[in-house]
Amino acid sequence: MMSILELCTWLQNTQFGTAVRESTLAFPVLEGTHLLGLTFMLGPTFAFDLRLSGLAWRDQPVSKIYKSFLPLTNAGAALMVITGIILFWSEPVKCYNSTYFRLKVIALIVASLNAGIFHFGYFKTVATWDVIGSPPTRARMAGYASIVLWLFVVLAGRYTAYNL
Amino acid sequence: MLPRVPPVLFPFFEWCDASWLGQLIRGNTYMFPFIETVHIMALTILVGAVFLIDLRLLGMGLPKFTAYRMNQEFRKYMKWGLITILFTGWLLFMSEAKKCEDNDAFAPKMIMLALAIILQFTLFRKAVSVDSPSRPLWTKAVALLSLVLWFGVGAAGRAIGFV
């Protein structure tokens, strides 16, 4: 049973990981795509979270905003996950040793759980509060939490990149 | 053969670099990444909104809203996104102005940014000013140009750190 550090070291030394790390073009393009992919993933997410928190577009049904933005968010998330995995693969040991990267992963998990639990749970009752300007507390809390958690993910990601 | 910062501006860049504000931001390890994160979040909002509207102008994207309608809803966010991104961008510039003097990506980014902003306040505004289902060719051209310019600014911005 390998330790996480051993696994990271093994990943780092694979041909693929090394190739990405040493390529002049691959890393910048991947990281650039990862950052620009934020536009597709977090733009619509924040738009929905703002509605969910009752902070914006209170005259629009929650479900309408949800249906409009979700496909884009999913495509963006797929892009983030793919580029993120490859980026991690290219320098796993550095990421493992970075406190901010660990915090980023924790925040990612919590943010995803927050979204998943809400989507498959309380959101099922949306028909009863769809057109209310300020949704019920549970919905609003999920919205605020989402905004704060995703902002932290981005911040922690930047701090990781600067080796902080 | 990329555009470069004209040497006549070098004294100004050096003055910015040596300023107390530039030194302040450089002085603390966490400040630059924090300001940069705000810069990126503003980009998410500004370019995200422009992107969604451009998609509609091209006949793609979210069918429930027209480009006109989206523009009405997003205007406030695009305005504040732009203000925030310009302000944070200026702060970031102040802290590394000297590096930008001969950075291959900096001048191209500034040129594309200027063009993108001009386009935004002229043809883009015109393209989204009427709530009509028709999509004349010129509005599609404007949408395409808008996408190319804004993503170009984003890519060049990222490239500053690599060239």
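The values are calculated or read from the model by the stated rules, or taken from the named source; none is laboratory data. The shown structure was predicted, so the numbers you read here are calculated from the model rather than taken from an experiment. Here Cβ is always computed from backbone atoms with ideal geometry, including for glycine, and neighbour counts include all displayed protein chains. Just the protein is used for accessible areas: all its heavy atoms, side chains included, with ligands, DNA and RNA removed. Shrake-Rupley method; radii C 1.70, N 1.55, O 1.52, S 1.80 Å.
For region A:50-121, the normalised intensity computed at q = 0.11, 0.27, 0.28 Å⁻¹ comes to -0.41, -1.27, -1.29 (log10 of I(q)/I(0), Debye sum over alpha carbons, equal scatterers, no solvent). Long hydrophobic helices in chain B, taken as whole DSSP H segments with a C-alpha length of 24 Å or more on their own axis and mean Kyte-Doolittle hydropathy at least 1.6: B:31-57.
Annotation: per residue accessible area for the protein assembly as shown equals 52 Å², rounded to a whole number [probe 1.4 Å, protein chains only]. In a simple Cβ point-charge model (Lys, Arg +1; Asp, Glu -1; nothing else charged), the protein assembly as shown has a dipole of about 1060 debye relative to its Cα centre.
Working from Cα positions, state the angle (0 to 90°, nearest 10) between the long axis of helix A:62-90 and the longest principal axis of chain A. Tilt relative to chain A: about 10 degrees.
Taking a Cβ cut-off of under 12 Å around A:S63, the surrounding Lys, Arg, Asp and Glu residues balance to a net charge of +4, with basic ones at +1 and acidic ones at -1. Would you work out which of B:W80, B:A105, B:G59 lies farthest towards the positive end of the dipole of chain B, given +1 charges on the beta-carbon of Lys and Arg and -1 on that of Asp and Glu, about the Cα centre? Selected residue: B:G59. Annotation note: trypsin sites (Lys or Arg not before Pro) in region B:4-90 located in DSSP loop regions with a Cβ neighbour count of at most 16 within 10 Å are B:R4, B:K64. Placing +1 on the Cβ of every Lys and Arg and -1 on the Cβ of every Asp and Glu, with nothing else charged, gives region A:4-160 a dipole about its Cα centre of roughly 440 debye.
For chymotrypsin sites (Phe, Trp or Tyr not before Pro), no site in region B:42-73 is both called loop by DSSP and has at most 11 other Cβ atoms within 10 Å. The spacing between region B:17-89 and region B:113-163, judged by their C-alpha centroids, is 14 Å. Seen against the Cα atoms of chain A and their longest principal axis, helix A:26-52 is set at about 20 degrees. A:L25 versus B:R26, label points 7 Å from Cα toward the beta carbon: distance in nm? Between A:L25 and B:R26, the label points sit 3.4 nm apart. If a spin label sat at a point 7 angstrom from the Cα of B:K79 along the line to its beta carbon, the backbone N atoms of region A:47-74 nearer than 17 Å would be those of A:56-57.
For the protein assembly as shown, the share of accessible area belonging to carbon and sulfur comes to 71 percent (1.4 Å probe, ligands and nucleic acids excluded). Shielding value for B:58-65 is 2, the average number of Cβ atoms from other chains within 10 Å of each residue's Cβ.
Buried accessible surface for the A/B chain pair comes to about 2600 Å², total over both chains, computed with a 1.4 Å probe.
So for region A:4-160, averaging the separation of alpha carbon pairs under 8 Å that are six or more residues apart and normalising by length, what relative contact order in percent results?
33
For A:K67, the lysines whose Cα comes closer than 27 Å to its Cα, not counting residues fewer than 8 places off in the same chain, are A:K124, B:K64, B:K76, B:K79, B:K140. Dipole magnitude for region B:1-143: computed about the Cα centre from +1 point charges on Lys and Arg Cβ and -1 point charges on Asp and Glu Cβ, it is near 740 debye. Note on region A:15-63: the alpha carbon radius of gyration divided by the globular reference 2.2 N^0.38 Å gives 1.86. Need one number: nm distance between label points at A:K64 and A:V93, each 7 Å from Cα along Cα→Cβ, rounded to one decimal. Output for this residue pair reads 5.6 nm.
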